[in-house]
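The structure appears right after this line, and notes come after that.
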Amino acid sequence: MRPIASRSVKPTTFSLYNPESLPKTTKNSLLASSSQRKIIKIHNKSKSEYDSLLQSPQTKHLKPIQTMKNLNIKPSLSSRPSPNKSISRKKLLILSPSNDLSIKIHEPLLDTLIKKSVKRRTQSMELDIPEMQPIPPCNYISRCLFKTRIGSINGKNKKQNQDSFVIQNNLLGINGNYLFSVCDGHGLQGHLVSRYVKLKLVEYLEYYMTEYNNNPNLVEKSYTNSIKQIEDQLENEGIDSMFSGTTVVSVLVLSNMIICANIGDSRAVLGKKLNNSWKFEDLSKDHKPELVSERERIENSGGRIMPYYTITGLPVGPQRVWLKDANIPGLAMSRSLGDSIAGSVGVCSEPEFISHVLKKEDKFMVIASDGLWEFITSKQVVEIVGQLIDEGNSHLACDKLVSEAVKRWSQNDGTVDDITILVVFINQ
């Protein structure tokens with residue numbers, strides 16, 4: 001989105017490497033030159049091999065666990081603090097490279113890797129999602145790529161990248177459950193708001209889903225309560241959200257059901273292939289002030305909707321939300337987490353949900369901040385990724401999308417927004 005104040009941390013680049021190429025020393029050897037990036041591939045044992053392994057004297061007492069070729073992924077129990085009680089959930093810890101290597105897609109691990117390579121201009125990663133052996137019919141996700149790039153003004157990087165994202169597998173400790181989220185902060189403390197959502201969303205969501213006994217019909221209520229709790233805690237965390245906030249777009253994958261929850265103008269899109277042609281389906285709707293239902297709510301709450309005007313009276317840019325008697329805050333979206341001043345005139349943090357049952361033609365999802373969507377349509381994004389898949393270059397999807405987005409920002413505007421993209425491949 002076009003910020004009401006400058007946004008943007010120096011981005012970084014890191015990647016996860018093939019363990020066969022790593023020296024067998026310490027966990028630090030998991031980090032290597034980004035120019036040598038490789039993908040960890042999942043190799044499935046046959047069912048007979050797997051059953052035989054489980055019946056051996058050494059492993060007979062164990063329950064099935066996630067495995068990859070040359071990797072032994074061991075779950076260890078730990079407790080994650082929750083709003084009212086602790087929830088026990090599986091964590092996979094990272095050990096030294098050897099025949100006994102454990103690894104997991106988990107944000108604390110990603111944060112550790114990021115800190116060790118802060119001098120890069122972008123951070124990107126490509127991961128295969130660990131799968132149960134043999135592959136159960138409930139696990140529909142195979143890989144996730146992501147890339148985030150700091151914005152710039154007249155070629156100079158901003159001070160903070162206000163985008164944040166979440167990649168969480170084994171939600172509630174259940175194989176086949178995932179959460180993918182992108183948050184696009186705005187305002188002076190927008191980066192703090194988006195990072196707080198990243199920090200707390202999984203925690204609160206797991207807590208409420210446990211309270212509701214993981215009832216799929218109550219997932220939306222669980223997510224809504226989680227957002228409300230996060231927003232209520234901002235002030236307690238010392239985050240000033242009067243003129244700062246964030247979008248939040250999330251895709252929950254629960255076996256073959258996906259539920260998209262959206263607040264603001266980040267977006268999630270589904271790519272599907274029908275009759276050898278790539279088609280798109282929006283999983284979310286951008287919350288813009290000019291939409292009829294959004295406008296009515298804001299105007300009924302005493303707000304005004306209009307763009308900026310130049311000194312000569314010419315309108316500039318998108319429609320924005322203003323107080324009735326003051327030219328603040330000028331927010332260019334109708335829903336946001338935070339933004340208490342805009343909230344006084346009808347801007348809300350109520351998520352909007354769209355559900356979808358995965359079908360054979362569904363191939364991937366793109367979840368991104370509006371740094372991608374500002375000048376590229378959903379149709380164009382799906383066609384770009386689809387063409388790369390057809391060419392056997394799906395691993396380049398994030399790089400290609402970021403490159404195209406930066407080019408179009410440069411052609412249309414003096415600034416380049418922060419850009420964060422997740423590409424999630426569906427295993428059919």
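The values are calculated or read from the model by the stated rules, or taken from the named source; none is laboratory data. Predicted model, so just to flag it, every value in this text is computed and none were measured. Note that each Cβ is placed from the backbone with ideal geometry, even for glycine, and that neighbours are counted across all protein chains shown.
When we screen Ser403, Ser378, Ser336 for residues that are among the small types (Gly, Ala, Ser), touching a strand residue (DSSP E or B) at 6+ places or on another chain (Cβ under 7 Å) and assigned by TED's automatic domain parsing to the domain that holds Phe180, the only hit is Ser378.
Restricting attention to segment 164-191, the residues being assigned to a strand (DSSP E or B) and out of contact with any Lys or Arg (no Cβ under 8 Å at 6 or more places or on another chain) number 8.
Out of Ser293, Ser277, Ser266, I need the residue that is closer than 17 Å to Val423 by Cα, small (Gly, Ala, Ser) and either surrounded by fewer than 18 Cβ atoms within 10 Å (Cβ to Cβ) or within 14 Å of the chain's Cα centre (by Cα) (or both). Which one?
Checking each option against the conditions leaves just Ser266.
For Asp399, indicate whether it is under 20 Å from the mean Cα position of the chain (by Cα), surrounded by 24 or more Cβ atoms within 10 Å (Cβ to Cβ) and among the acidic types (Asp, Glu). So Asp399 does not fit the description; no. Which members of segment 329-354 meet the condition of being among the hydrophobic types (A, V, I, L, M, F, W, C), surrounded by 24 or more Cβ atoms within 10 Å (Cβ to Cβ) and part of a strand (DSSP E or B)? Scanning segment 329-354 gives Leu331, Leu337.
So that you can scan it fast, the table gives a plain yes or no per residue for (1) charged (D, E, K, R); (2) touching a Phe, Trp or Tyr at 6+ places or on another chain (Cβ under 8 Å); (3) closer than 20 Å to Ser277 by Cα:
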site	(1), (2), (3)
His356	no, no, no
Ala368	no, no, no
Glu383	yes, yes, yes
Gly392	no, no, yes
Asn412	no, yes, no
Thr415	no, yes, no
Val424	no, yes, yes
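Scanning segment 203-213 for residues that are surrounded by fewer than 17 Cβ atoms within 10 Å (Cβ to Cβ), more than 15 Å from Ile263 (Cβ to Cβ), out of contact with any strand residue (DSSP E or B) (no Cβ under 7 Å at 6 or more places or on another chain) and not aromatic (Phe, Trp, Tyr) turns up at least one hit. In segment 216-315, counting only strands (runs of 3 or more DSSP E) that sit wholly within it, the ones holding 3 or more residues that are outside the structural domain of Asp184 (by TED's automatic domain parsing) span 304-309.
Within 17 Å of Met257 (Cα to Cα) and over 15 Å from the mean Cα position of the chain (by Cα) - does that describe any residue in segment 175-183?
Yes, segment 175-183 has at least one match.
The listed residues are Val316, Val357, Val321, and the only one of them that is crowded, with 22+ Cβ neighbours inside 10 Å and of a type in the set (Val, Ile, Thr) turns out to be Val321.
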